[in-house]
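See structure below.
The values are calculated or read from the model by the stated rules, or taken from the named source; none is laboratory data. Computed from a prediction, not measured in an experiment: that's the story for all the values here. When we count neighbours, we look across all protein chains shown, and the Cβ atoms used for this are built from the backbone with ideal geometry, even at glycine.
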Amino acid sequence: MTQTEETTTTGGGRGGGGAKTAMRVIVPLQGVVQGRGGLVLGSIIPCALFYFLQFYLKRHRSEPDPEPTPPDPPAGLHRVQSRLVLSPRGSGGAAHVSGRANSVARQADTPYYVGLKRVSEDPYDVESSPDGVIQLGLAENKLSLDLVQKWLAANARESILGRDLSISGIATYQPLDGLMELKVAVAGFMSQIMEKTVSFNPSQIVLTAGATPAIEMLSFCLADAGNAFLVPSPYYPDLDRDVKWRTGVEIIPVPCRSADNFSLSTTALDQAFNQAKKRGLKVRGVIISNPSNPVGNLFNRETLYNLLDFAREKNIHIISNEILAGSTHGSEEFVSMAEIIDSEDFDRNRVHIVYGLSKDLTLPGFRVGVVYTFNENVLVAAKKMARFSSVSAPTQRLLISMLSDAKFIQNFIKTNRERLRRMYIEFVDGLKQLGIDCMKSSGGFYCWADMSRLLRSYSEKGELELWDKLLNVAKINVTPGSSCHCIEPGWFRLCFTTLEKNDIPIVIERIRKVTES
Amino acid sequence: MTIEVEQPSVELSKIAVSETHGEHSPYFAGWKAYDEDPYHESSNPSGVIQMGLAENQVSFDLLEEYLEHHPQEASWGKGASGFRENALFQDYHGLQSFRNAMASFMGQVRGERAKFNPDRVVLTAGATAANELLTFILANPGDALLVPTPYYPGFDRDLRWRTGVNIVPVHCDSSNNFQVTPKALDAAYSRAEAMNIKVKGLLITNPSNPLGATIQRSVLGDILDFVTRKNIHLVSDEIYSGSAFSSTEFVSIAEVLESRDYKDSERVHIVYSLSKDLGLPGFRVGTIYSYNDKVVTTARRMSSFTLISSQTQQLLASMLSDKSFTQNYIKTNRERLKKRYQAIIGGLRNAGIDCLEGNAGLFCWMNLSQLLEKPTRECELDLWNTILQEVKLNISPGSSCHCSEPGWFRVCFANMSEQTLEVALTRIHQFMEGRKTNGGNLNF
């Protein structure tokens, strides 16, 4: 009887982190010891020993270190980290949980999540709860649900089960990265919402249960724990979770300023890159959202080309989150990263696009996200990772049907855009009456409002005070710029797509309560 | 002379290029062979029969019948408002009605010998995601989980790949039907210690894959004592709980905890899914049931990466809450699986092949060690390859399940029709007859 003695260890990866650090100290030490100098010997060895002692203590401390705070923008309510560090000792000395699990617990107190919680506890309803909190903090689009609903009422059953109501077609194991038919349908949809400026190859698609795992998947594929991505700020709050939580990858914000209409400058990219270098962080890529969230602006062609040049120069990746491409409502043209890369063959390997049906098709509950990559190796890895976040089969069947209904989709895209545009204009006008200006925006479900003149102090503290007043006095939930890592205080994201038209005057009146106090 | 500088290609992460996903093992290679030449009753009767996929197709008709009599389940039940909420619903708490249904179903599968609280149910897109998620929560990169061998080949990927966590095997052997012993547990733990690896938990599969057998109550007690002594977590993957051939033969860790008044239960977490028992792997429905509040909260938040489609939750909530349906389904499914099992065991016995005595699951654990020239992994893989290429059956070699004894194979029987199973048994019979005539001179 042969005993196969094996411990299956991971190949490289984070398991070797400790050993690697040790090596960085040992190797030069060996050089020294081999007789290159007594003075050096006398100084390096104690330093090395001190280093080892620290390292040893770190590894065996019962509580893992908290996440390093980002350098530039203020950390927002993350400051309460120290208060929130939960003791790993549960009842009766129960087994500890991991450092990753502990870091998750800290995020619940940030304004973004506090606001969402308040709304769920006391939601506004025009009839039954007119004094409830109005939700302006969730980037969800309810404006066109009636269209989808009508389609489903007429088509759902057959779409899911087929004409013979057979379950075996959808019940059994399917390719875990999505049915080819759905990939084809999604590729067609993506092309359509981008006004056919570019076509997408279904074979380069990996379907995931939402854009959230799509972004995490790319983070796992393109960076190692301890590496970093550059992300233009302000950026949407959940990106911190999507990129960093389980991967151990860092985000270095690249601040954009109101003076530039919050557009991305190569200078800022360079600065952020160099800063990362100084901190010893290896940058693996840039993540952009286009249309951007929370500002709602589009990247123009020149900026995208500059970004590509930058990525080429540093030999890093670009992730372009284009999940709101179908939710543009202005007159500006939307340019996909796919369009840029079409003509520049060599750099295809560094470009990856994230998409999903949550925003443009207004179906976040169905959980459909897309990783679209030009890189064969990333495609192979992502396909294997898809098993951890696959799209449910009946949902896939349903969407294949829906997306293939060309007439419906065409009408939906057009109508949805019109409704977005009308709400946007009316909402921004309403705010203007209060003396609140918004950054010009061409897409998304929100406006980016400048409330800085309402701050008692021009600081993050002042901003959070105002946020609190808006939540508890005006009873509206908005997202403060600090939750989005904005370096200029006083900016707020207000989502208008969860409102009915009649709600707008109510919202404006409520804000007036605060502006006039 | 111009020197051409080749731009270095942009790099991927270590995880992306590592082999830890394990997809180059024979377990997966056999699937490729099947994909290229799949058996079909009429159009390809000499093709490869897939016996390496643990899928349950024996009770589809029951599901179809239910859907036919409850048409509103496939559409939107509650009508307009129901749909609206549903399409937007991406709360990681999951639909309350669905969580209630899952908790109730899990209780039923255990013959109501254990009760499950819906507030402890965390939903994930499949058990694959549930196991990975728990690993992220319970262990740091570089730490380890103990896993008894032989184990499901997918664990190498699910528990280790993106998490950076190691697996330290707990060796079991045929001398006691591959049951876990305190001695083996201690030995594995010591081995980890010697390698300076921190053990954070033990993961058991009950009923076991690939053994096709339930873990005995006394062994569960020993396991619970062990994890308490070492102050580590226990994950019990009970994905095959509804596939035990008789309800009383399966003892869930939940029952053992109940008998101990839930003392020290915060270290215990159960993984479940509808992929095997209900035969719905395509739906991607998994759950983590944890007795630890912090793990529940954390798992819930992390489930954002692997939410179940709200439409699917809605579809299944009513079906799983329908007690008359579920009771009948569970009972009938068990009976049919038992029948299949008896058919394959009988057929193998006629061919002179013994199997481990099993009482659950969608597969049997077959012993072909007597056919090996030498008791080595290489000989086992040669035999596996012969069976794949000549007998045209894709079965799973024990080595891909990290079995310490060569010669064992996992053979699935529930993912095909009865007729196909007959064909497979005939082929095996012929193969064994062929070996007898050759006087055992074939080299494996």
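Here are the numbers:
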read-out: Residues of segment A:222-259 classified as hydroxyl-bearing (S, T, Y) and more than 10 Å from the chain's Cα centre (by Cα), total; value: 3
read-out: Check on B:S243, in contact (Cβ under 8 Å) with a residue 12 or more places away in the chain and either in contact with an Asp or Glu (Cβ under 6 Å, 6 or more places away or on another chain) or closer than 30 Å to A:R397 by Cα (or both); value: yes
read-out: Segment B:208-254 - residue that is of a type in the set (S, T, Y) and outside any helix (DSSP H, G or I) and, of those, farthest from the chain's Cα centre (by Cα); value: B:S246
read-out: In segment A:384-401, residue farthest from B:R157 (Cα to Cα) [restricted to those that are under 22 Å from the mean Cα position of the chain (by Cα) and of a type in the set (A, V, I, L, M, F, W, C)]; value: A:V391
read-out: Check on A:E195, out of contact with any Ser or Thr (no Cβ under 9 Å at 6 or more places or on another chain) and not polar (S, T, N, Q); value: yes
read-out: Unmet criterion (only one of (1) in contact with a strand residue (DSSP E or B) (Cβ under 9 Å, 6 or more places away or on another chain); (2) closer than 23 Å to A:A156 by Cα) for B:Y289; value: (2)
read-out: Unmet criterion (only one of (1) within 9 Å of another protein chain (Cβ to nearest Cβ); (2) more than 30 Å from A:N300 (Cα to Cα); (3) surrounded by 21 or more Cβ atoms within 10 Å (Cβ to Cβ)) for A:V368; value: (2)
read-out: Residues of segment A:249-266 classified as farther than 30 Å from B:P141 by Cβ, touching a residue at least 12 places away in the same chain (Cβ under 8 Å) and not polar (S, T, N, Q), total; value: 5
read-out: Members of segment B:276-292 found to be facing chain A (nearest Cβ under 8 Å) and modelled with pLDDT under 95, listed by number; value: B:G279, B:L280, B:P281, B:G282, B:F283, B:R284
read-out: Considering residues of segment A:433-492 that are small (G, A, S) and in a helix (DSSP H, G or I) only, the residue farthest from A:I288 (Cα to Cα); value: A:G462
read-out: Any hit, segment A:180-200, residues being within 12 Å of chain B (Cβ to nearest Cβ) and either at pLDDT 95 or above or more than 30 Å from B:E65 (Cβ to Cβ) (or both); value: no
read-out: Qualifying position, being among the aliphatic types (A, V, I, L, M) and under 15 Å from B:H402 (Cα atoms), among B:L146, B:L185; value: B:L146
read-out: Pairs where the first residue, in segment B:137-160, is at the interface with chain A (Cβ under 8 Å from one of its Cβ atoms) and surrounded by 23 or more Cβ atoms within 10 Å (Cβ to Cβ) and the second is in a strand (DSSP E or B) and basic (K, R), C-beta under 6 Å, 6+ apart; value: B:L138/B:K200; B:A139/B:K200
read-out: Any pair with Cβ under 6 angstrom, 6 or more apart, that starts in segment B:281-302 at a residue that is part of a strand (DSSP E or B) and ends at one that is among the hydroxyl-bearing types (S, T, Y); value: B:G286/B:T124; B:G286/B:S273; B:T287/B:Y272
read-out: Subset of segment A:315-324 (residues that are surrounded by 18 or more Cβ atoms within 10 Å (Cβ to Cβ) and either within 14 Å of another protein chain (Cβ to nearest Cβ) or touching a Pro at 6+ places or on another chain (Cβ under 7 Å) (or both)); value: A:I316, A:H317, A:I318, A:I319, A:I323, A:L324
read-out: Residue that is within 20 Å of A:A228 (Cα to Cα), within 14 Å of chain B (Cβ to nearest Cβ) and surrounded by fewer than 23 Cβ atoms within 10 Å (Cβ to Cβ), where the choices are A:K277, A:K282; value: A:K282
read-out: Residue among A:L222, A:L239 that is surrounded by 23 or more Cβ atoms within 10 Å (Cβ to Cβ) and either more than 24 Å from B:L307 (Cβ to Cβ) or of a type in the set (A, V, I, L, M) (or both); value: A:L222
read-out: Neighbours by Cβ (under 6 Å, 6+ apart or cross-chain): first from segment B:393-405, in contact (Cβ under 8 Å) with a residue 60 or more places away in the chain and more than 8 Å from every other protein chain (Cβ to nearest Cβ); second basic (K, R) and outside any loop (DSSP other than H, G, I, E, B); value: B:S396/B:R410
read-out: Top-ranked residue of segment A:110-131 - restricted to ones that are among the β-branched types (V, I, T) and under 14 Å from A:I476 (Cβ atoms), ranked as surrounded by the fewest Cβ atoms within 10 Å (Cβ to Cβ); value: A:V114
read-out: When residues of segment A:333-342 are limited to those that are in contact with a strand residue (DSSP E or B) (Cβ under 8 Å, 6 or more places away or on another chain) and either in a loop (DSSP other than H, G, I, E, B) or touching a residue at least 40 places away in the same chain (Cβ under 8 Å) (or both), the one farthest from the other protein chains (Cβ to nearest Cβ); value: A:F334
read-out: Residue in segment B:263-275 that is surrounded by the fewest Cβ atoms within 10 Å (Cβ to Cβ), counting only those that are facing chain A (nearest Cβ under 10 Å) and polar (S, T, N, Q); value: B:S265
read-out: Pairs with Cβ under 6 Å, 6+ apart, first in segment B:372-383 and facing chain A (nearest Cβ under 9 Å) and within 17 Å of B:G30 (Cβ to Cβ), second in a helix (DSSP H, G or I) and of a type in the set (S, T, N, Q); value: B:R377/B:S399
read-out: Cβ pairs under 9 Å, 6+ apart, first in segment A:135-157 and facing another protein chain (nearest Cβ under 10 Å), second acidic (D, E) and buried (at least 21 other Cβ atoms within 10 Å of the Cβ); value: A:N141/A:D360
read-out: Segment B:161-173, residues that are more than 9 Å from chain A (Cβ to nearest Cβ) and either within 20 Å of A:A101 (Cβ to Cβ) or part of a loop (DSSP other than H, G, I, E, B) (or both); value: B:C172
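Yes/no matrix, rows are residues, columns are (1) surrounded by fewer than 21 Cβ atoms within 10 Å (Cβ to Cβ); (2) in contact with a strand residue (DSSP E or B) (Cβ under 9 Å, 6 or more places away or on another chain):
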| site | (1), (2) |
| --- | --- |
| A:S459 | yes, no |
| A:E465 | yes, no |
| A:I476 | no, yes |
| A:G481 | no, yes |
| A:C486 | no, yes |
| A:E500 | yes, no |
| A:R510 | yes, yes |
